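Written below as structure tokens is the structure these notes are about.
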Amino acid sequence: MELKKIEWPEEGDLVIATVKTITDYGAYVVLDEYQKEGLLHVSEVSSGWVRNIHNFVREGQKFVLKVLRVDTEKGHIDLSLRRVTKRERKEKILLWKKERKADSLMRSVSEELKMPPQETYEKVGILLEKEFGGIYEGLEKTSREGAEVLLKVGAPENIATVIEKIAKEKIKVPMVKVKGIMSLQCPKSNGVNLIRDSLLNAQKFETKGAKIRVYVVAPPRYRIVVSAADYKEAEEILDGVTKVVIKNIEKVGGQGAFKREK
């Protein structure tokens, strides 16, 4: 949340800045996250020769800039555009968008609880930062798994309930899918039922953040699809499901095999 933002950036930090005024020697910008002004000198605009700075920047334009020097006594912040890599720019913009969304959601929580934003941050925001590395990451996990995520880290129940409601309404959690074909055979007279029961037991691997679906391709072939928040979790669940199903079939005299699909 913006409430926790320290007063000054540090050398080497990446910041979001909006161009305020342009001069022949550079552009004065406002650091959006700090409400401080800084200077983007013409020599730091591009790695090539800048004949006319207006060809590179315009008033009101936003940039990801790198902090070169900070003089808190004089109130000076020197910035660079040419030293920001494409990867740094992309990662900073993504982080900035997440922070803005998290701030908006937490303020909505404060409004519903009729609680000062600073108090909401102190009671829950700090916990989310400590446990999940960021407020948005904690809100995203809450959207996926429910208020229990917050209760486990010590959040008050009344706040956790409201956060869960708002997070589920406002955050669409991206899901990834992994899948494969399982071939199952059982020569026993009730082999079809044994295979069915074994596949139904696969649902026990589901969690609040993951889903398992089984489709009949054409006996004895079945498609297993696992949806989860990330590939690591999805792959682990798929691996666990297939091993257990095959093991159960082999226990009753059948056989099974699994082939991963792209």
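The values are calculated or read from the model by the stated rules, or taken from the named source; none is laboratory data. These figures come from a predicted structure and were not determined experimentally. So basically every Cβ, Gly included, is an ideal-geometry build from the backbone, and we count neighbours across all protein chains shown.
A count restricted to the range 116-141 and to residues that are in contact (Cβ under 8 Å) with a residue 40 or more places away in the chain and over 22 Å from the mean Cα position of the chain (by Cα) stands at 2. Only one entry of Leu139, Leu194, Leu113 meets the criterion of being under 30 Å from Gly256 (Cβ atoms) and surrounded by 15 or more Cβ atoms within 10 Å (Cβ to Cβ), and that entry is Leu194. Working only within the range 142-156, note down all residues that are touching a helix residue (DSSP H, G or I) at 6+ places or on another chain (Cβ under 7 Å), without any contact (Cβ under 8 Å) to a residue 40 or more places away in the chain and surrounded by fewer than 19 Cβ atoms within 10 Å (Cβ to Cβ). Once the filter is applied, which keeps residues that are touching a helix residue (DSSP H, G or I) at 6+ places or on another chain (Cβ under 7 Å), without any contact (Cβ under 8 Å) to a residue 40 or more places away in the chain and surrounded by fewer than 19 Cβ atoms within 10 Å (Cβ to Cβ), the range 142-156 yields Leu151, Val153, Gly154, Pro156. Of all residues in the range 197-220, those that are of a type outside the set (Phe, Trp, Tyr) and exposed (fewer than 14 other Cβ atoms within 10 Å of the Cβ) total 11.
Selection of the range 30-84 for residues being in contact with a helix residue (DSSP H, G or I) (Cβ under 8 Å, 6 or more places away or on another chain) and either more than 17 Å from Gly12 (Cα to Cα) or without any contact (Cβ under 8 Å) to a residue 12 or more places away in the chain (or both) yields Val42, Val50, Ile53.
Within the set Trp49, Trp8, the sole residue that is at pLDDT below 95, over 30 Å from Ala155 (Cα atoms) and among the hydrophobic types (A, V, I, L, M, F, W, C) turns out to be Trp49. For the range 157-184, the set of residues classified as over 20 Å from the mean Cα position of the chain (by Cα) and surrounded by 14 or more Cβ atoms within 10 Å (Cβ to Cβ) consists of Ile159, Thr161, Val162, Lys179, Gly180, Ile181, Met182, Ser183, Leu184, listed by residue number.
Here is a check on your reading of the model: is Leu199 closer than 30 Å to Glu261 by Cα, of a type outside the set (Ser, Thr, Tyr) and in contact with a Cys (Cβ under 6 Å, 6 or more places away or on another chain)? So Leu199 fails the test. The residues on offer are Glu119, Glu99, and the sole one that is exposed (fewer than 15 other Cβ atoms within 10 Å of the Cβ) and either out of contact with any Gly (no Cβ under 8 Å at 6 or more places or on another chain) or outside the structural domain of Ser43 (by TED's automatic domain parsing) (or both) is Glu119. Thr85 falls short on exactly one of the conditions (1) exposed (fewer than 13 other Cβ atoms within 10 Å of the Cβ); (2) over 25 Å from Arg100 (Cα atoms); (3) modelled with pLDDT of 95 or more, and that condition is (2). When the range 11-35 is filtered for residues that are under 11 Å from Val70 (Cβ atoms) and modelled with pLDDT under 95, only Tyr34 remains.
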